[in-house]
Amino acid sequence: MSLLETLPASPKSEPPAMKALREQAHERLASEGLPTKKTEAWRFTSVAALTGETLAAGPSTLSVEAPKGVSTVERESLEALPAGPFAALNAALTDETVVLRAEGVVSEPLSLRYTGADHASYPRMRLEVAKGAELTLVERFEGEGALTDAVLELVLEDGARLRHVRIQRDAGRLIGSVSVTQGRDSHYAAHVITLGGALQRLDLKVGLDAQGASCDLRGFYAVDGSEHCDHHVRVDHRAPHGTSHQTFRGIADGKGVAVFDSQAIVHRTGGHAEAHQENRNLLLSSSAGVHTKPHLEIDHDEVVASHGATVGALDEDSLFYLRSRGIPADLARGILIHAFAHEPLTGMPDAFAKEVEQGLLERLPASEALADLGEELA
Amino acid sequence: MTDVANTEPPTKEPVRQDAALEEALARKYEAGFITDIEQENLPPGLDEDTVRFISAKKKEPEWLLEWRLKALEQWRKMTEPRWAKVSYPEIDYQSISYWASPIKDEDRPKSLDEVDPKLLETYEKLGIPLHEREALAGVAVDAVFDSVSVHTSFRERLAEVGVIFCSFSEAVQEHPELVRKYLGKVVPTTDNFFAALNSAVFSDGSFVYIPPGVRCPMELSTYFRINAANTGQFERTLVIADKGAYVSYLEGCTAPQRDENQLHAAIVELVAHEDAEIKYSTVQNWYPGDENGKGGIYNFVTKRGLCEGDRSKISWTQVETGSAVTWKYPSCILKGDDSVGEFYSVALSNHAQQADTGTKMIHLGKRTRSTIISKGISAGRGQQTYRGGVRIGRGAEGARNYTQCDSLLIGSECGAHTVPYVEVRNPTAQLEHEATTSKIGEDQLFYCRQRGLSEEDAVSLIVNGFAKQVLDELPMEFAVEAQKLLGVSLEGAVG
């Protein structure tokens, strides 16, 4: 029996709003099903392997460590169903919904940890950052998971500041959806780090919905072996004076495939916007592949927008320079890749930067020598 | 937000600026007029009989009829593509007449003197160098009026060096082996909906063959026009440059003002053999419709070049200012090693015009290189999309691509969109893509004003600079017209 035919009915005790959401999700899945390669947003990422499996939800894989200032909220209604087939699948199958609210300036980070399991899981999170509040959110996805279909909603009220660190390490099959709603003069900074994993897909949507909202999205991804990662980023400038920056870098080695698709949309209501996109890729093997599509849709003339994308190999001249200084080929490559990966990590809190650095080093050529070199320099 | 964008311009200036803008935006289409001459039309509708009629009319060999019928069969199985960022009402393909000829076959003129004077007058108005002007301009013009070629000039001079430049129907009669060898080689009938439609019902077009080692002694040019109401024009152009040959081909078009939408689905195929070079330039100024887009041309074109041989080169240059809807992606398949593809484009959409245009560079051979320079200008309620693809195949060692697409916005109701697709499968390839979208630079304007230039001169200077990179690529004969076209639609409009 196919996955979609086994959708369970919603539990009896559920609040009506959640019930409605679930029904909506059932309807969408029944009419649209799971995406195929003919679906534009899934052209390069195949989920055909999932359709044959029974992906019923197992026990929870999510653990939450909430610092002082972040509290759980009992809530009757949830936001509308986000776009996308896997957000619908999540809504149809989820049995854990966590709603949190941060007030004031929270100094300790809020930590969410998802561990992989041999069953599927559908965690659903909503985090509200109150007016003027400040918070760091760190999400970690670890361990081979059969399927983690995680939906995260972030709501930034007026003047709120949220730093979001998301580390996806060897997380098996992970399909995530993050949607951000921003209030007036709020700021959202994201660091999305994807290091390996059989299938990693992230849909990150940011809505600059009120005047003066800004976001700074940085990301780094690395694939090797037969790994596949796919980042879909979308920023909607719906209100005036919005600013968005997207800086993503990635490396593809082995038979790995990296997909990057980003949209910056300046709506008619989003004048005086500034939107920048940058995507740089290193292609390190002849069997690897990179597909990038940074696109701009601009419906207003008061705008400064740009995008840039590059794909290439390591610079021969730089390699030669390092070799001529007596550095072995492997280490020279490692140094250059390490330098390339550095940009998206800037601005990341030190504790996490170290963790990411460690994960990154493990994937580089001559990693030990490189680590020693790092220590020497420090 | 930068300070510059926040700064309100002085209150006095915008009034004058807006007036100039309004005036320029409201400018009427200058090339709009209708020529009243006898037409021989087929009633609207499309089926096997239509195809047989067209084929019989043109006395085509059996294999070509079969080819057309196969294309029709394909077309019926296909659905109209709707992925482009353009919207237009449903097209009823059965309400279009697929054949119109301005003159009866038996009355075909033997020389220019026999040509309908009204027709000549039409060309006169458009400034086409056909009669005395042909020698002066040094341009060979194969003017297509609706569906039948009226006159081809400079044939003898070209024949001396062995260049074949004739209408497509003549080529079918006189060089069937060449036509059969190359027709559909680059754009197969199954390629897309509009290509299949064109393949089934194409009426005429131009055919160019440059023999090995020959540098074509002049720029070749076709001016074609759409004239009869309700008549779709289905052009088919085939340009072949044999080993070491060079040709520069110019294509320009204007259309008379009409109140009904006219469909245009052309195909251009280019084949460049070893060391050959083809330069294909287009100035497109079809009727864009009125302020609401009513009556404009629907332009669905498939253009593709194949760099078949090593070290071959294909260069596309286009200035697109017309049509209500443009759907056009001149592409290059870089098959030969060290082959080069280029795409230079200026596209302007004003009023309710919509343009979804770009290019596709497919790198297959080693050390293939491509350059894409696209400049989009949106004014009024115009919608402009750059949609480009760069694909590097596994075997394309050392391939190189540089893409730059810039958009300029004039007015708060227009839109400019950039959708690049980059797919790389070879690690030795190097790709760069950059794009910017903005309204005209306030600081640039300020700098020019500060140096004593008037607002209008400053704007004109900046806009010309914006498009210069592309205009420079145009052959001399076209550069003047292109600048005039841009000038009419644009210069006063920016501010």
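Comparing A:Ala198, A:Ala56, A:Ala213, which has the greatest mean-square fluctuation in the GNM of chain A with Cα pairs linked when under 10 Å apart? In the Gaussian network model the winner is A:Ala56.
Rounded to the nearest 20 Debye, what is the dipole magnitude of chain A about its Cα centre when Lys and Arg each give +1 and Asp and Glu each give -1 at the C-beta?
Working: 36 positive and 55 negative charges, 95 e Å.
So the magnitude is around 460 debye.
The order of the peptides B:343-349, A:34-40 by mean Cβ neighbours within 10 Å, most packed first, is B:343-349, A:34-40.
Can you tell me, using C-alpha contacts under 8 Å and at least 6 residues apart, the relative contact order of segment A:314-378 as a whole percent?
Details: 33 pairs, mean separation 23.5, N = 65.
Relative CO of segment A:314-378 lands at 36 percent.
Given A:Val64, A:Ala258, A:His245, which one lies farthest toward the positive end of the charge dipole of chain A, if we put +1 on the Cβ of every Lys and Arg and -1 on the Cβ of every Asp and Glu? Value: A:Ala258. The portion of the accessible surface of segment A:3-313 made up by carbon and sulfur, rounded to a whole percent, is 48 (1.4 Å probe; DNA, RNA and ligands excluded). Put simply, chains B and A cover up around 3100 Å² of each other's accessible surface, both sides summed, when a 1.4 Å probe is used.
Under the definition of partner shielding as Cβ atoms of other protein chains within 10 Å of a residue Cβ, what is the mean value for peptide B:168-176? Before the final figure, lay out the partial values.
Details: counts 0, 0, 0, 0, 0, 0, 0, 0, 0.
For peptide B:168-176, the averaged partner shielding equals 0.
With K and R counted +1 and D and E -1, the other residues having a Cβ less than 10 Å from that of A:Leu89 yield a net charge of 0.
Sort A:224-232, B:331-339 by the packing proxy (mean of other Cβ within 10 Å over each peptide's residues), most packed first.
Values: A:224-232: 20.2, B:331-339: 24.4.
Taking the mean over residues of other Cβ atoms within 10 Å, the ranking is B:331-339, A:224-232.
Pairs from the list A:Lys37/B:Lys328; B:Lys328/B:Lys375; B:Lys313/B:Lys335; A:Lys37/A:Lys293; B:Lys279/B:Lys468 with a Cα-Cα gap above 21 Å: A:Lys37/B:Lys328. Selection among B:Gln318, B:His351, B:Thr403 by position relative to the dipole of segment B:296-410 gives B:Thr403 as farthest towards the positive end (Cβ unit charges, Cα centre).
Can you tell me, using C-alpha contacts under 8 Å and at least 6 residues apart, the relative contact order of segment A:196-353 as a whole percent?
20 percent.
Computed over segment A:3-313, relative contact order equals 10 percent, with contacts defined as Cα pairs under 8 Å that lie 6+ residues apart. Charge tally for A:Glu139 (other residues, Cβ to Cβ under 10 Å; Lys, Arg +1; Asp, Glu -1): +3.
Using packing as a proxy for protection, rank A:107-115, B:395-403, A:270-278 so that the peptide with the highest average count of other Cβ atoms within 10 Å comes first.
On the way: A:107-115: 17.8, B:395-403: 20.6, A:270-278: 22.6.
Sorting A:107-115, B:395-403, A:270-278 by mean packing, highest first, produces A:270-278, B:395-403, A:107-115.
Work from the charge dipole of segment A:191-317 (Cβ charges, +1 for Lys and Arg, -1 for Asp and Glu, about the Cα centre) and give the residue of A:Ala313, A:Tyr221, A:Leu283 farthest towards its positive end. Of A:Ala313, A:Tyr221, A:Leu283, it is A:Tyr221.
Per residue of A:280-290, other chain Cβ atoms within 10 Å of the residue Cβ number 4 on average. Expressed as a whole percent, the accessible surface of segment A:314-378 that belongs to carbon and sulfur atoms is 53, based on a 1.4 Å probe. Within 10 Å of the Cβ of each residue in A:250-261, the mean number of Cβ atoms contributed by other protein chains is 1. What segment A:314-378 shows is 60 Å² of accessible area per residue, with the surface traced by a 1.4 Å probe over protein heavy atoms.
Of all beta bridges DSSP finds with both residues in chain A, what is the antiparallel percent, to the nearest 5? Before the final figure, lay out each step's value.
Values: 7 of 135 bridges.
In chain A, DSSP labels about 5 percent of beta bridges as antiparallel.
Add +1 for every Lys or Arg and -1 for every Asp or Glu among the other residues with Cβ under 10 Å from the Cβ of A:Met125, and state the total. Numbers along the way, then the final one.
Details: positive: A:Arg124, A:Arg126; negative: A:Glu96, A:Glu139, A:Glu153.
Residues near A:Met125 contribute -1 overall.
The values are calculated or read from the model by the stated rules, or taken from the named source; none is laboratory data. Here the structure is a predicted model, which means the values were calculated and not measured. Backbone-built Cβ (ideal geometry, glycine too); neighbour counts: all protein chains shown. Heavy atoms of the whole protein, side chains included, go into the accessibility calculation; ligands, DNA and RNA do not. Shrake-Rupley method; radii C 1.70, N 1.55, O 1.52, S 1.80 Å.
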